[in-house]
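Written below as structure tokens is the structure these notes are about.
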Amino acid sequence: MEEITRDFLYALSADISGRQDDRLKTRLSELHPADIADIFDRLEEEEVQYLWKLIDIEERGDVLVELEEDVREGLLSTLSTREIAEEVLENIDSDDAADVVGELPEERAAEVIAELDTEDREDLLSLLRYPEGTAGALMGTELIRVELEWTVTQAIREMRKQAEEVETFHSVYVVNAAGQLIGRLSLKRLLLTATSARSTIGDLFKEDDTRTVKVDDPDEKVVQVMKKYDLVALPVVDDHNRLLGRITIDDVVDLMEEEAEKDYQLASGLSDEVESDDTLWTMTRARLPWLLIGLFGGLAGAYVIGWFDIERFPSMALFIPLIAAMGGNVGVQSAAIVVQGLASGRTPADARLAPRLLKEFSVALLNGAICAGVILGASLILGYGWNLSLTVSTALIAVIIFAALFGTFVPLALDQLKIDPALATGPFITTANDIIGLIIYFGIGVLMSVGG
């Protein structure tokens, strides 16, 4: 493929302006659908619509699912319900089709579904009923399954039929007559071990420890299972162990990327997902809530300083930035460790709080003692006096301990309340620690009677 450079995009735009359809078709035919989607994400809306008609119909669906959400939404709005059904949904996996339909307005989605044939419509409706964030919402129904009682000849014949709907398959799933999953059978064993064409799957099959997830399991569990056991496909079953579908590694990678982006934006103080090319209002709306929280946090900090009458302790003002920065940094560090543990499964959601806080207290006490020793020595060398230096170093230990405990407790509490714990690594922790850190700092200053 040609590298997607600025010159490449310029040449493409020139060909579109010149209506060089043959040349454009040749260019597009040499590209992977993901690369075409990358190009679409960088072009003007009119150019995207023009190129869409030049893509091979069988590839249009694969291109669409790779597009950025806003580009995909704009393109879908230009297509008729029949075009969406026949050019897109019928050429992509059922899980991707469910995602596309789920992004459409309810009335239009119903019209698109009505355009599908009966089998595709039933598969799609069955997937759409599963809530977002569950294994059912992630899975696709395309897979290869054989029954325990089938002969090898019958199994191969049925597998050929099923393979028409499956682009790639990693496992042959074995079920009983009730559709309950028994395990997996390798193609090697199926083709090479059978002593005759009348051998049954039951004769060849050996029970294994096939990993599964329930259809209503959270998608975090899907990620954890696939990561732990290095799986490329994971079967999904219902409460009666009936095989319903499978989740493939590409879906999990997409999910992990989306969650990472969401967590990063939450940690950065963005309330909604935004892109650099979003509208002015969209970007403002995403940023403003946390900026206002930070603003009111700053006002609260100013009130704390005024309440402790800074004029009586003017020398303490010199260390306000240090106390605030250390509290915020320690709090975010502690919260980030907990959030990472929750996301990876290393920290169970029901983990006991007391041992976790005790460990964090020990770490904070050691770090605080070292930092306090450094600031005590530095303050004395710089001539701030023993009383002020001791006050600052004592307050620093207290602030670090509080921030560490607070940063550990908050994400665990948010997780219990079913709120994304990544929220705890953002401005929430920093603002709260600034205010409480100042209260601790000036409270210790008053107790130690630091003079001006």
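The numbers here are math on the coordinates, done by the rules we state, and not lab data. Note that the structure is a prediction, hence the values are computed from the model and not measured. All Cβ positions, glycine included, derive from the backbone under ideal geometry; neighbour counts span all protein chains shown.
Observations on the structure shown:
- To the nearest ten degrees, helix 152-163 and the longest principal axis of the Cα atoms of the chain are 60 degrees apart.
- Stokes-Einstein diffusion for the stretch 6-129 at 37 °C, viscosity 0.692 mPa s, with a Kirkwood radius from C-alpha pairs, works out to 219 µm²/s.
- Relative to the longest principal axis of the Cα atoms of the chain, helix 249-267 runs at roughly 20 degrees.
- From phi via Karplus (6.51, -1.76, 1.60), per-residue ³J(HN,Hα) for the stretch 11-18 in Hz, x at Gly/Pro: 5, 5, 4, 5, 5, 5, 4, x
- The helix-only estimate of mean residue ellipticity at 222 nm for the chain, built from DSSP H runs of length n ≥ 4 each weighted as -39500 (n - 2.57), is -19500 deg cm²/dmol after division by the residue total.
- Per-selection Rg to Rh, the stretch 144-256 - Cα, Kirkwood hydrodynamic radius: 0.98
- Once the Cα atoms are used to define both axes, helix 320-344 deviates from the longest principal axis of the chain by about 30 degrees.
- Rg/Rh ratio calculated on Cα atoms of the chain (Kirkwood radius): 1.11
- Between the beta carbons of Asn241 and Glu107, assuming R0 = 51 Å, the FRET efficiency works out to 0.85 to the nearest 0.05.
- Under the criterion of Cα pairs below 8 Å and six or more residues apart, the relative contact order for the stretch 6-129 equals 20 percent.
- Sequence-separation-based contact order of the chain, relative, with Cα cut under 8 Å and 6+ spacing, percent: 11
- With 10 Å bins beginning at zero, the pair-distance distribution over Cα atoms of the stretch 280-447 amounts to 10, 34, 32, 18, 6, 0 %.
- Contact order normalised by residue count of the stretch 86-216, Cα under 8 Å, 6+ apart, percent: 23
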